[in-house]
Amino acid sequence: MTWIAPQVERRAEPYVADERVMLQGWLDWHRDTLLAKCAGLTPDQLVRASAEPSNLTLLGLVRHMTEVERAWFRTRVAGQKIGPRYFTEEQPDADFEALDTAGAEEALAVLRAECEAADQAVAHRGLDDTFPMTDGRIISLRWVYIHMIEEYARHNGHADLLRERIDGATGE
């Protein structure tokens, strides 16, 4: 039997909450949305580049967001000495390009685990906490949350189009 991406129960975004809860809630909603766009699909469908000439795939987006979670929350904010999960210097776009249907189930699980690790890495930090970027800019954790929500929102738009081209499914 072929593995099928599991259904996802999206967490509701908060309507009234303090800033940290609001930002975390919207980030979680967008994380869940990307996984929901994959739900019910086979590995072959997850690696299908369905909006030619683009090479974007749902699995590529999942792997890319794993890298983004890891880079922003764990490496930059928390200062953890961890490397990338998928890409290398020799293959900087491997999160999008080095896809294998055999790795689809693991990739979805890795994104979930990376989101949990990211949340844990910054749980004790305040939104006004800052950290230096390699180019000299100083960035706050608040900025990272807003950037991550924007990053997911943009890629979830891509996921909407990819999913509709794969099997006609639409929805938020």
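The values are calculated or read from the model by the stated rules, or taken from the named source; none is laboratory data. If you're wondering where the values come from, they're calculated on a predicted model, not measured in any experiment. Methodologically, a virtual Cβ is constructed for each residue, glycine included, from the backbone with ideal geometry; neighbour enumeration extends over all protein chains shown. Accessible surface areas use protein heavy atoms only, side chains included; no ligands, DNA or RNA. Shrake-Rupley method; radii C 1.70, N 1.55, O 1.52, S 1.80 Å.
With 0.36 nm allotted per residue and the present C-alpha distance subtracted, the Arg165-Ala153 stretch has 2.4 nm of extension available. Per residue, the accessible area of the chain comes to 52 Å² when a 1.4 Å probe rolls over the protein heavy atoms. Once you divide the Cα radius of gyration of the chain by 2.2 N^0.38 Å, the number left is 1.05.
Among residues other than Ser140 with Cβ under 9 Å from its Cβ, the summed charge is -1 (Lys and Arg +1, Asp and Glu -1).
To the nearest ten degrees, helix 104-122 and the longest principal axis of the Cα atoms of the chain are 10 degrees apart.
Relative contact order of region 1-148, please, whole-number percent, based on alpha carbon pairs below 8 angstrom and at least 6 residues apart. Reported as a whole number, the value is 22 percent.
Report summary: the helix-based calculation at 222 nm, which adds -39500 (n - 2.57) for every DSSP H run with n ≥ 4 and divides by the residues of the chain, gives -16000 deg cm²/dmol.
Using r as the Cβ-Cβ distance of Asp129 and Thr2, and R0 as 45 Å, what FRET efficiency do you calculate, to the nearest 0.05?
It comes to 0.50.
Classify region 27-92 as rounded, prolate or oblate, taking a ≥ b ≥ c as the square roots of the eigenvalues of its Cα gyration tensor: rounded when a/c is under 1.5, otherwise prolate if a/b is larger than b/c and oblate if not.
Because a/c hits 1.5 or more and a/b fails to exceed b/c, region 27-92 counts as oblate.
So if we plug the beta-carbon distance of Ala102 and Asn55 into 1/(1 + (r/R0)^6) with R0 = 25 Å, what FRET efficiency do we get, rounded to 0.05?
Details: r = 19 Å, r/R0 = 0.76.
So the FRET efficiency works out to roughly 0.85.
Which order do the peptides 54-62, 41-49 take when ranked by the mean count of other beta-carbon atoms within 10 Å per residue, highest first?
Values: 54-62: 21.4, 41-49: 18.7.
Highest-to-lowest ranking by the protection proxy: 54-62, 41-49.
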